[in-house]
Amino acid sequence: MDFLNAIIAVANYVLVPGIAYGSQLALGALGVTLIYGILRFSNFAHGDTMAFGAMVTVLATWWLQSIGVSLGPLPTALLALPIGILGCIGLLLATDRLVYRFYREKKAKPVILVIVSMGVMFIMNGIVRFIIGPDDQQFLDGERFLISARTFREMTGLDEGLAIRSTQAITLVTAVVVVALLFWFLNRTRAGKSMRAYSDNEDLALLSGVNPERVVMLTWIIVAALATTAGVLYGLDKSFKPFTYFQLLLPIFASAIVGGLGNPLGAIAGGFVIAFSEVTITYAWKKVLGYLLPDSLAPDGLVQLLSTDYKFAVSFVILLIVLLFRPTGLFKGQSV
């Protein structure tokens, strides 16, 4: 029984949160890797793009709630998500038209676009804070748990309870659907194939009749959808706070680089590598070891390698290791 309790404790505090967090990072990293692979620069404004899309969704959710619209046990934010995506698409297309297009026409070096994206990042960050404020905003409604710890204990008779929040299940299902749609689009549609051709060889794609402006527009639209979805799922699972999305930029970039920058499969794998690394290293293993070890050997301390305050340091260390020893990432993306 103690062994089963230990397994449930690991599932409750490591496995389930790691899968949900990894799904959120994977969606964010997909947006970063698409921009790098097609538009040829690292978009440092991606975290605040997620914040903007999530903010529009939060405002739309509050409006729907105020007029009595809901999805019953499911979060109303799922109804508001298309509104958030449309708002984010408008922002990114306007930003491209007003900012990035000028540097693209001038054939500016990627490092120039990186610096420009940092300026865009601060502007987006200020816009989001000005509109919705800097504090935590709650917008989750509906059923909180798919299964509660108390219900699980009553069903199994174990001391340890497994709690699965509805937002964690929604995150996983949504991530699977979004990733499947993205790969279908890139591999099966003419527009997706033109984007892949443009990414592989820009000059050859132009000679083949690919419209570069259309490819750029489609890229920003897809990135807006991915960023908004990732931002909303993260906000539902935790809470919405603008500065948190600024901090998420590090694990998202680490996910994209660890998997292989420019490689969509690598972005997904990298998201789960970073997520499970953060959750595993910052989890206090005292309870699990207490179940597995005799009472005489049970640890007195928390058995925690790092405090949760330093979880982003884990992403940074993994990022440095990959850059030093395998700059192309796990799936051999473009060298950083």
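The values are calculated or read from the model by the stated rules, or taken from the named source; none is laboratory data. None of these values were measured; they are calculated from a predicted model. Here the Cβ is made from the backbone with ideal geometry for all residues, glycine too, and neighbour counts use every protein chain on show. Side chains are part of the model used for accessible areas, which takes the heavy atoms of the whole protein and leaves out ligands, DNA and RNA. Shrake-Rupley method; radii C 1.70, N 1.55, O 1.52, S 1.80 Å.
Observations, loosely collected:
- Checking G90, G84 one by one, the residue that is open to solvent by less than 20 Å² (accessible area, probe 1.4 Å), assigned to a helix (DSSP H, G or I) and under 25 Å from M217 (Cα atoms) is G84 and no other.
- Sole residue being assigned to a loop (DSSP other than H, G, I, E, B) and either out of contact with any Phe, Trp or Tyr (no Cβ under 9 Å at 6 or more places or on another chain) or in contact (Cβ under 8 Å) with a residue 40 or more places away in the chain (or both), chosen from L146, L186, L172, L158: L158
- For I257, the conditions (1) at pLDDT 90 or above; (2) within 17 Å of P75 (Cβ to Cβ) are fulfilled apart from (2).
- Taken over region 15-58, the criterion of being under 24 Å from K311 (Cβ atoms) and charged (D, E, K, R) is satisfied by D48 alone.
- Here region 1-59 is the region considered, the condition is being among the charged types (D, E, K, R) and surrounded by fewer than 24 Cβ atoms within 10 Å (Cβ to Cβ), and the residue that is nearest to Y198 (Cα to Cα) is R40.
- Look at region 201-228: where a residue is closer than 14 Å to I35 by Cα and at pLDDT below 95, no partner that is open to solvent by less than 30 Å² (accessible area, probe 1.4 Å) and part of a loop (DSSP other than H, G, I, E, B) sits 6+ places away or on another chain with Cβ atoms under 6 Å.
- The one condition in (1) at pLDDT 85 or above; (2) within 22 Å of V114 (Cβ to Cβ) that Q334 fails to fulfil: (1)
- Region 250-262 residues that are within 13 Å of L320 (Cα to Cα), paired with ones that are part of a loop (DSSP other than H, G, I, E, B) and open to solvent by 10 Å² or more (accessible area, probe 1.4 Å) (beta carbon under 7 Å, 6 or more apart): I257/V336; V258/L330
- Helices (runs of 4 or more DSSP H) wholly inside region 1-76 that include at least 2 residues being among the aromatic types (F, W, Y) and on the phi < 0 side of the Ramachandran plot: 46-66
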